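Down below is the structure, laid out as structure tokens.
Please treat every number below as a calculation from the coordinates, not as lab data. Note that the structure is a prediction, hence the values are computed from the model and not measured. We place every Cβ from the backbone using ideal geometry, glycine too, and count neighbours over all the protein chains shown.
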Amino acid sequence: MEVDMEDQMEPSQKTSKLLAQPLAIILLIMAAAFAITAVVIPVKHLIQSDSASATVNIEAAPSTQLLNQINTLPPDITLSPANDAGLTVVATVNGDEQPVPLYLRILTDLGTSVWALAVALITVLLAMVLASISTSNPFHLRNASRITWIALAILIGSVGADSLNLMQAHLLANYAGFRPPLDVVAYYSWTPVLLSLLMFVLAYAFRRGQEIQDDVEGLV
């Protein structure tokens with residue numbers, strides 16, 4: 001007699017499978033939106049603006065002086081930068097006197113585009129994981145591979161975007177002749193790196209889960 005696997009599922013498992021497919025569709029829609037954004041942002045900037053921008057810092061001492069020149073500060077209140085590197089600002093070269101080189105205008109939003117593409121890839125992979133959960137074993141080795149690619153996308157996308165932004169800041173500073181108190185600082189975050197490591201661990205857990213399941217099925 002053939003047993004329907006659906007009938008053997010717990011109610012929570014059935015609910016999870018019912019929710020997985022709509023969530024996967026939502027993630028695919030989000031991925032398309034991120035991919036479109038990655039293309040639209042730099043193109044829109046090139047069409048609508050002749051400027052180039054980069055994130056730089058104002059050194060700590062001048063930052064403190066600027067902050068405490070605010071006229072509306074209450075008495076006995078002093079302000080200081082949140083970190084030793086000073087205030088983080090966006091420096092924009094408008095190109096009023098001479099056109100800004102095209103490569104600087106492209107690089108202005110290229111880091112954002114790279115990260116948007118990475119997020120688009122991540123959401124597609126997550127959608128594939130959810131879709132597979134609704135139709136097969138969640139510990140399938142394909143899911144372990146997908147999660148590994150998610151980890152790589154987080155790591156490469158984050159580091160790549162931050163590196164492009166740093167390169168843009170240096171190039172713009174050299175072109176415009178930035179001088180102190182403006183200072184180019186690297187803005188790398190540990191959060192994506194830690195999240196990537198967590199995803200690598202999760203991928204390993206999925207692989208082990210499949211191995212354990214195969215061993216159990218071999219004993220039956």
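What list of ³J(HN,Hα) couplings, whole Hz, do you get for the stretch 182-195 from phi and the Karplus terms 6.51, -1.76, 1.60, once you set θ to phi - 60° and write x for glycine and proline?
Rounded to whole hertz, the list is 6, 9, 7, 10, 6, 10, 9, 10, 7, 4, x, 5, 5, 5.
Provide the per-residue ³J(HN,Hα) series for the stretch 21-29, in order, calculated from phi with Karplus coefficients 6.51, -1.76, 1.60 and θ = phi - 60°, each as a whole number of Hz, with x at glycine and proline positions.
With the stated coefficients, the stretch 21-29 comes to 5, x, 5, 5, 5, 4, 5, 5, 5 Hz.
Binning at 10 Å from 0, report for the stretch 45-155 what percent of all alpha-carbon pair distances ends up in each bin.
Histogram of Cα-Cα distances, whole percents per bin: 12, 22, 19, 22, 17, 8, 1.
What is the sum of charges, Lys and Arg at +1 and Asp and Glu at -1, for the other residues whose Cβ falls under 12 Å from the Cβ of THR112? Intermediate values should be presented prior to the final figure.
Numbers: positive: LYS44; negative: ASP109, ASP162.
Here the count lands on -1.
Can you give the net charge of the other residues whose Cβ lies under 14 Å from the Cβ of VAL43, counting K and R as +1 and D and E as -1? Could the numbers behind the result be given before it?
Numbers: positive: LYS44, ARG105; negative: ASP109.
Computed value for this residue: +1.
Tell me the net charge near ALA85. Cut-off is 14 Å between Cβ atoms, ALA85 excluded, with +1 for each Lys or Arg and -1 for each Asp or Glu. Write down the numbers at each step before the final one.
Working: positive: none; negative: GLU59, ASP84, ASP183.
Net local charge, ALA85 excluded: -3.
Within a 10 angstrom radius of the beta carbon, how do ASP50, ASP162 rank from fewest other beta carbons to most?
Working: ASP50 14, ASP162 18.
Placing the least packed residue first, the sequence is ASP50, ASP162.
Please rank PHE34, PHE206, fewest neighbouring Cβ atoms within 10 Å first, as an exposure proxy. It would help to have the intermediate numbers written out before the result.
Numbers: PHE34 19, PHE206 22.
Least to most surrounded, the residues fall as PHE34, PHE206.
What order, most packed first, do the peptides 176-185, 72-81 have when packing is the mean number of other Cβ atoms within 10 Å of each residue? Can you show the working numbers first?
Numbers: 176-185: 14.4, 72-81: 9.1.
Ranking, from highest mean packing down: 176-185, 72-81.
Pop out the ³J(HN,Hα) list for the stretch 70-80 in order, Karplus 6.51 cos²θ - 1.76 cosθ + 1.60 with θ = phi - 60°, rounded to Hz; leave Gly and Pro as x.
Values per residue, Gly and Pro as x: 5, 6, 8, 5, x, x, 6, 10, 10, 10, 8 Hz.
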